[in-house]
Structure formats: structure tokens, C-alpha cells
Amino acid sequence: MMAAAVFFFGNVTGQNNTSYWQQHVDYTMDIDVDADKNQYEGEQTLVYTNNSPDVLDRVYYHLYFNAFQPGSEMDVRSLTIEDPDGRVGDRISKLTPDEIGYIKPNKLTQDGKKLEYEVVGTVLEVKLNKAIQPGEKTTFKMEWDAQVPLQVRRSGRDNAEGVKFSMTQWYPKMAEYDFQGWHADPYIGREFHSPWGDFDVTIHIDKEYTVAGTGYSATNVMGDTNYKEVKKGKRGKRTWNFTAPKVHDFTWAADNDYIHDQYEGPNGVTLNFYYKNNPEIKENWKNLQPKTAEMLAFFNEKIGPYPFKQYSVIQGGDGGMEYAMCTLITGERKFGSLMGVTAHELAHTWFQFLMATNEGKHEWMDEGFTSYISNLAMAKINGGDNPNPHSGSYGGYNYLANSGKEQPQTTHADRYASNRVYGIAAYSKGAVFLAQLEYIIGKENVAKTLNRYYDEWAFKHPTPNDFIRVAEKVSGAELDWYLMDWTQTTNQIDYAIKEVTPGMDGTKVTLERIGLMPMPIDLDVTYEDGTQEQFYIPLQMMRQDKANPYSDMARTVARDWAWAYPTYELTIPSGKKVKSIMIDASKLMADVNRENNVWGTEK
């Protein structure tokens with residue numbers, strides 16, 4: 001392995017403390033597929049623009065297919081983690097030479113001059129002949145050979161439903177360099193982070209295959225006369241050319257038995273559906289199409305307008321996974337499951353493919369925000385009356401918080417102790433972050449925050465701080481405490497009604513903060529005559545009062561509760577007899593022990 005990189009840094013500061021910048025890549029690729037051998041040759045021209053204030057003397061590429069080899073980090077991690085993904089298990093360790101995946105660079109130049117490089121697992125380390133100065137462009141050209149692995153995890157050939165090629169993370173991909181430096185993470189099990197750019201991809205494959213994927217299809221030509229200008233060996237194949245502007249990934253799938261349907265979505269977006277010609281699934285895939293259009297319209301309204309003119313739902317992969325302008329999902333599902341996975345993966349178009357967080361470092365923003373908004377979409381489309389469509393996410397978080405195994409959400413996605421802990425932290429606790437924010441600043445403010453977040457951060461790489469600053473600007477509240485305690489610690493929320501004492505001057509209520517995490521308190525009081533009243537106890541460090549969420553309920557704003565005081569006393573004025581008292585009737589506060597939240601006959 002090459003020695004550690006040396007950089008000559010200018011004044012480097014954290015994001016939001018300097019003018020925002022991001023790197024840019026333009027890919028032109030030509031791929032020749034030998035479908036019989038499950039191999040392909042690739043040529044890539046990559047124009048890299050260094051928009052950073054730093055001088056770069058090396059670069060890194062991801063070679064993701066190298067993970068699908070016995071002895072790889074992905075293989076060993078799956079063999080040693082306490083709860084391996086059932087789709088992986090020990091399968092990588094048993095792959096034969098013609099079933100493994102690989103990407104083997106055999107030529108790499110920078111501005112026409114040969115470069116030194118070393119393959120280290122799933123990362124290509126490249127020493128530059130000429131450092132890239134701030135604001136400078138350079139052109140890399142690479143040729144490589146590759147083999148498509150037997151489908152194990154997301155990528156590969158011959159998946160369980162018979163799809164021939166699921167080509168995800170299939171090309172040498174430039175690693176991301178940002179205000180935190182290089183992100184040349186090995187591919188162990190989780191997800192991805194890469195720079196924005198424009199793609200022009202030409203794929204030559206046997207003529208019986210239909211190709212689906214990222215971007216717009218510029219050409220789809222067939223016949224010998226179309227191949228006179230391309231190199232020997234491509235005659236008799238079909239050439240597919242795709243262009244994709246302003247994306248940070250390119251994915252394609254191919255099968256010789258795809259049905260291709262199109263459905264007109266909102267705002268002139270063409271929805272494409274590619275699925276196997278299987279009579280048992282055809283009805284579900286037909287019914288999915290208008291539902292997908294409804295989902296797209298919902299996300300357009302709740303987050304921001306989808307900026308491209310096509311989106312494709314493609315049968316492939318090993319479950320569901322989002323990609324630029326498309327998703328690969330397994331298709332032999334019951335209709336509810338098919339609709340649910342499509343809603344989730346389509347929502348990822350916003351929370352990952354438009355607001356492109358670093359999925360390794362901030363997996364909860366990616367999966368959690370997506371879970372939150374897709375929960376809302378499914379509730380709306382299914383016409384349910386669930387007052388909290390995120391109840392499943394709260395249940396998952398509550399299990400984790402009380403398990404003794406929780407790790408902070410700042411844990412790198414690959415370094416959770418178990419897949420279960422990762423999944424709950426990323427999906428469930430991540431969704432609760434937004435749902436609980438409704439409790440803190442109000443549902444309307446969260447809705448406005450999502451719209452403004454899109455306006456300010458689409459086509460960029462936002463961090464958790466960037467999101468919470470938007471929420472602060474929208475609501476006027478100070479929220480750094482919330483971001484810190486919820487995501488950077490495993491502090492728990494546990495508030496209790498410690499004592500209730502009726503008296504001549506009113507009912508004295510003593511509340512107790514048992515957990516370490518602070519929260520404002522909504523205290524709902526029900527009187528013997530059936531009337532209700534809410535007492536809102538602001539959190540002092542929040543420096544802001546939430547608006548009344550219930551227009552039909554009387555509400556009193558009490559004095560602030562400073563976090564360091566473990567107890568708080570409130571007097572409910574005399575005049576009506578108190579029947580019951582409840583902390584957080586909405587159940588949007590993720591209190592780990594709700595048994596002590598209620599006093600009175602409702603308990």
C-alpha cells in the first residue's frame with residue numbers, strides 16, 4: 001500500500017465557516033459486454049475539476065466489484081459479524097473464479113502521461129505526476145477489464161429472480177474529496193459518497209438485451225450498418241447511449257426478458273418500469289404505475305420538484321436500492337410490499353440523490369429522512385387515519401434504546417457492532433429525528449424546513465449541521481442541543497410525573513427529568529368535566545416557544561425549565577378538579593418509559 005497522502009493545504013475550515021465548494025467530475029465511458037462470459041471491457045475519460053482550496057497530489061478510485069471475492073473485507077466482515085445479512089452470509093467465501101467480481105485497471109494516464117497506481121482491495125491509490133491546483137482541471141483516461149460477480153449484494157449477475165445484469169457501482173469511480181478530505185472508504189457493506197458530474201455512457205451488449213438505467217437514452221440502434229465506426233468485436237451487438245447531467249452515480253441493468261412500460265408522471269416526468277415477463281407479477285407492476293405517479297407528486301410537494309424528465313423503476317438487485325434517476329428493486333412481491341419499497345427508494349431521490357449526504361458518516365440522514373417522508377407518503381396514498389405513521393420507527397428506536405447495545409449515530413456505517421443496531425439507528429432513529437422535531441418546533445415548521453432544505457442544498461453535499469441550521473432559521477429556535485444529544489450521544493429522554501398534590505390553591509404537579517436528554521414538555525390536563533388544557537413548558541436552552549399545535553385546546557405557556565434542574569413544579573389553578581395528566585399526548589417525544597408519563601384515571 002502506498003504511503004499516506006501528503007497535501008498542501010490552504011486555510012481549510014469546516015463547512016458553513018467558509019464558502020461552500022464541491023468537486024466536479026465529467027465521465028465519458030464506453031463499455032463492451034461479453035454476456036456469455038459475464039465480463040466487459042471499459043474505457044473511461046474523466047475530467048476532474050478541483051474546486052477545493054487545496055493542492056491535490058494524489059487521487060483515489062473505488063473499485064467496488066473487488067469486494068465480491070473470497071477474503072475481501074466484505075467477505076470477512078460478513079463471516080465475523082454477529083448477525084450477518086442473510087443475503088450475504090458466507091456466499092462470497094464460496095464464489096469460484098468465474099463467479100467473483102473484479103475491476104482490473106490496465107492503463108491510466110493523466111493529461112496523456114502514464115500514472116503509477118496500486119490496487120488495495122476496493123480502492124485504487126493513484127500518485128499524480130502533476131499536482132492538481134485549486135481551480136484547475138485535469139483529464140484521466142483509464143482502460144480496465146472487469147467481471148460481473150454472481151449477484152450477492154446489490155450488484156451482479158443472475159439474481160434470485162432471474163435478472164441477468166444488475167450493474168451498480170460497476171465502474172472505477174472517483175472518490176469524494178470535500179472539506180473533511182478524501183473519502184476513499186473500502187466497500188465493506190454499506191453505502192456510497194461521490195462527486196457530482198455529467199455522464200455520457202455507451203454500452204455495447206448482445207442485441208437481445210434491453211438496457212435500463214440512469215440518464216436519458218440518446219441512441220438505441222441495431223444492425224450491422226450502425227457499427228462501422230466502432231472497434232472490431234462489437235458487430236452484431238446493440239449500442240445504447242445514455243447521458244445524465246448533474247448526478248453522482250450511474251447505474252444500469254440489462255435482461256433479455258424485460259417488459260418496458262411507460263407512465264406519464266407529474267410535471268412531464270416519464271416514469272419507466274422494467275420488469276420480467278412473468279405473468280405472476282405483471283398485474284402488480286401495472287398497478288404500481290399510477291401509485292408511483294402519486295408518490296412522485298407527494299414528494300414534489302413535501303420536499304421539492306423532481307428536476308429530471310425521467311425516472312425508472314427496475315426489477316433487479318437483491319431488495320431495494322436507490323440510484324441516480326432510477327431504483328433497482330426485487331419484483332416478486334405482494335403488492336403492498338412492492339409499493340412500499342418503491343416509495344422508499346423513490347424518496348431516496350431527494351434524500352441522497354439530490355441532497356447527497358455522506359452515507360458512510362451520516363447514514364441516518366439518508367435512511368432516516370427517507371423513512372420519515374415515505375411513511376407519510378404511504379399513509380396518504382393508502383388513505384389511513386394513523387395519527388402517527390411513524391409509530392413503527394418509534395417502536396424500533398425504543399427497543400434499541402432499552403437494549404443496552406445502542407451506539408451513537410455518529411458511528412461510521414460500517415462500524416456498528418451489528419447489522420441490527422445499524423439498521424435501527426439509521427432507519428428508525430433517523431426517522432424519529434424528524435418526527436420528534438415536529439414535537440419540538442411544530443409540524444408546520446418541519447414542513448417548511450424540508451422545503452427550504454431542498455431549496456438551499458439540492459445538488460450539494462449537506463451535513464447534519466447544514467440541516468439543523470435550516471430548521472433554526474425557519475423556526476427561530478436554537479436546536480444545536482437537539483442535534484448533539486440525539487445524534488452524537490446515546491442519551492435518553494425520560495420525563496416523569498413524580499407527584500401530584502391537590503390543594504386549596506390548585507393542583508401542584510412535580511415533574512422529573514430522569515434521562516440525560518433535554519426536551520420541552522407538552523403537559524395535557526383533563527378535568528372532571530371533560531374539558532382539556534395544555535401547559536407548555538419551554539426548554540430554556542431552546543430560546544423559543546413552540547406555537548400551539550391544537551387550535552381547539554386552551555394552552556398556557558409556563559416558565560422555562562433549565563436542563564440542570566432535575567425537577568420542575570407547576571401549579572394548575574384551582575377551579576376545576578383534575579382527572580388526569582399526561583406528558584406528550586401526541587407520543588411524538590421518544591420517551592423511553594411512557595409508563596411514568598401519566599397520572600390519574602387514564603393510567
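The values are calculated or read from the model by the stated rules, or taken from the named source; none is laboratory data. Note that the structure is a prediction, hence the values are computed from the model and not measured. For neighbour counting, all protein chains shown are included, and Cβ atoms are generated from backbone atoms with ideal geometry for every residue, glycine included. With ligands, DNA and RNA removed, areas are computed over all heavy atoms of the protein, side chains included. Shrake-Rupley method; radii C 1.70, N 1.55, O 1.52, S 1.80 Å.
Structure notes:
- Relative contact order (%) - the chain, alpha-carbon pairs under 8 angstrom, separation at least six: 10
- In this Cβ point-charge picture (+1 for Lys and Arg, -1 for Asp and Glu), the chain has a dipole of about 540 debye about its Cα centre.
- Net charge over other residues, Cβ less than 12 angstrom from the Cβ of ILE188 (K, R count +1; D, E count -1): -2
- Over the range 43-187, relative contact order from alpha-carbon pairs under 8 Å, at least 6 apart, %: 36
- Segment MET553-LYS107, extension gain: residue separation times 0.36 nm, minus the distance between their alpha carbons: 153.4 nm
- DSSP bridge orientation in the chain - percent antiparallel, rounded to nearest 5: 80
- One chain, two ends: VAL592 and ASP198. Fully extended at 0.36 nm per residue, the span grows by 137.2 nm beyond their Cα-Cα distance.
- As a rough guide to protection, the peptides 96-102, 83-89, 237-243, 163-169 ranked by mean Cβ packing within 10 Å, highest first, stand as 163-169, 237-243, 96-102, 83-89.
- Applied to the range 398-413, the Karplus parametrisation 6.51 cos²θ - 1.76 cosθ + 1.60 on θ = phi - 60° returns per-residue 3J(HN,Hα) values of 4, 4, 5, 4, 9, 8, x, 10, 5, 10, x, 6, 7, 5, 4, 4 Hz, with x for Gly and Pro.
- Approximate spin-label separation GLU43-LYS309, in nm, with each point projected 7 Å along Cα-to-Cβ: 2.9
- Helix 464-475 vs. the chain, principal-axis angle (Cα, 0 to 90°, nearest 10): 50
- Whichever lysines have a C-alpha closer than 18 Å to that of LYS246, once near sequence neighbours (fewer than 8 apart) are set aside: LYS137, LYS173, LYS309, LYS460
- Cα gyration tensor category, rounded, prolate or oblate, for the range 35-192 with a/c compared to 1.5: prolate
- Rounded to the nearest Hz, the phi-derived 3J(HN,Hα) couplings of the range 580-594 under the Karplus curve 6.51 cos²θ - 1.76 cosθ + 1.60 (θ = phi - 60°) are 7, 9, 9, 7, 6, 5, 5, 6, 8, 7, 7, 5, 7, 9, 7, where x marks glycine and proline.
- For the chain, the solvent-accessible area with a 1.4 angstrom probe is 40 square angstrom per residue.
- Estimated distance in nm for a label pair at SER574 and GLN544, the labels positioned 7 Å out from Cα along Cα-to-Cβ: 4.0
- Remark: the Cα gyration tensor places the chain in the prolate category, a/c being 1.5 or greater and a/b exceeding b/c.
- Sites LYS286 and VAL120 - FRET efficiency at Förster radius 51 Å, r taken between beta-carbons, to 0.05: 0.60
- Each Lys and Arg contributes +1 and each Asp and Glu -1, all at the Cβ; summed about the Cα centre of the range 249-369, the dipole is approximately 280 debye.
- Amide hydrogen proximity for VAL120: with H placed 1.01 Å from N in the peptide plane, the residues at 5 or more positions away or on another chain lying under 5 Å are GLU125.
- Prolate/oblate/rounded label for the range 499-603 (Cα gyration tensor, a/c 1.5): rounded
- Here the spin labels are modelled as points 7 Å beyond Cα on the Cα-Cβ line, and at GLU208 and PHE459 they lie 4.3 nm apart.
- The stretch between VAL55 and ASP505 holds 154.8 nm of extra length on full extension. This uses 0.36 nm per residue minus the Cα-Cα distance.
- Computed from phi, the 3J(HN,Hα) profile of the range 364-372 under the Karplus parametrisation 6.51, -1.76, 1.60 (θ = phi - 60°) reads 5, 5, 5, 6, x, 5, 5, 4, 4 Hz, with x in place of Gly and Pro.
- Using the average count of surrounding beta-carbon atoms within 10 Å as a protection proxy, the listed peptides 409-415, 556-562 rank, highest first, as 409-415, 556-562.
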